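The values are calculated or read from the model by the stated rules, or taken from the named source; none is laboratory data. This one's a predicted model, so the numbers in the text were calculated from it and none came from an experiment. Virtual Cβ from ideal backbone geometry, glycine too; neighbours counted across all protein chains shown.
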Amino acid sequence: MVRFESTVSATRTALLDALALVSPVRCSGCGVADRAVCDDCAAALRPCPRQIDMSGLAVTSALTYAGVVRQVIASFKDAGRTDAGTVLAAALRTSVVHALAASHSEPGSVRLASIPSTPAARRARGYAPVAVLLRRAGLRAEPVLCAVRATRDQAELGARARRENRDRWLAARPGARAGRFLLVDDILTTGSTLLEARRALLEAGAQVIGAAVLARTPLRLEGRASDGFADDE
Ligand SMILES: [Zn+2]
């Protein structure tokens, strides 16, 4: 069931900010000497929830994956800037809250399901970005999905190749049966990963009420072969 634990993350934010006083950092968005995310960049990261329909799946996003947003997410995911996670966690939480509200589900009836990282991505980073963000947001996804075959890095691929790469890539564990799930992921590009996750859960006898993502690529980028960042969409 979805639970919120805001006090813990508020305390953590205060501690991280205090740490920045003795161990100066540069803003992960613009590089100015400041906190992990300076005030100007934090303003650009203020969530603005939007919902779109993707082959019948209602997908809520909090941010547009461009400019400062893109820079901060890339720093968080691929440059080890986990200190930028607090601001991103707040945006992901907003996306989850809006998606739940829009689904008109019974309170407490929905479970969160995140997309598993590929083994290569986990090895390269040493952490799973979405799991870190959910934890900081006081939320927890259940590991009901698992990869059943190897896939290529999505960043190398165009829209059609992404779909093929993700085709029947996932399976749902038996514990998912009869559950009602909200899918959670970081970046929405073509939607191929979310649609594959929905297929796996539906085949296992679960329901999927929608999806919540941190950021969505602007329309002009959708389907482009590679932008070098949206690596495991
Ligand atoms: Zn900044």
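Before moving on, here are some points about what is shown:
- Residues within segment 58-80 that are closer than 14 Å to A212 by Cβ and over 16 Å from the mean Cα position of the chain (by Cα), tallied: 0
- For segment 112-153, the set of residues classified as farther than 21 Å from G175 by Cα, in a helix (DSSP H, G or I) and touching a Lys or Arg at 6+ places or on another chain (Cβ under 8 Å) consists of R125, P129, R136, listed by residue number.
- The residues of segment 174-203 that are without any contact (Cβ under 8 Å) to a residue 40 or more places away in the chain and surrounded by fewer than 19 Cβ atoms within 10 Å (Cβ to Cβ), listed by number, are P174, G175, R177, A178, R199, L202, E203.
- For segment 212-221, the condition of being in a strand (DSSP E or B), of a type in the set (D, E, K, R) and modelled with pLDDT of 95 or more holds for at least one residue.
- Looking at V130, V110, V148, just one residue is more than 19 Å from the chain's Cα centre (by Cα) and among the aliphatic types (A, V, I, L, M), and that residue is V148.
- A178 being part of a loop (DSSP other than H, G, I, E, B), modelled with pLDDT under 95 and over 28 Å from F76 (Cα atoms): yes
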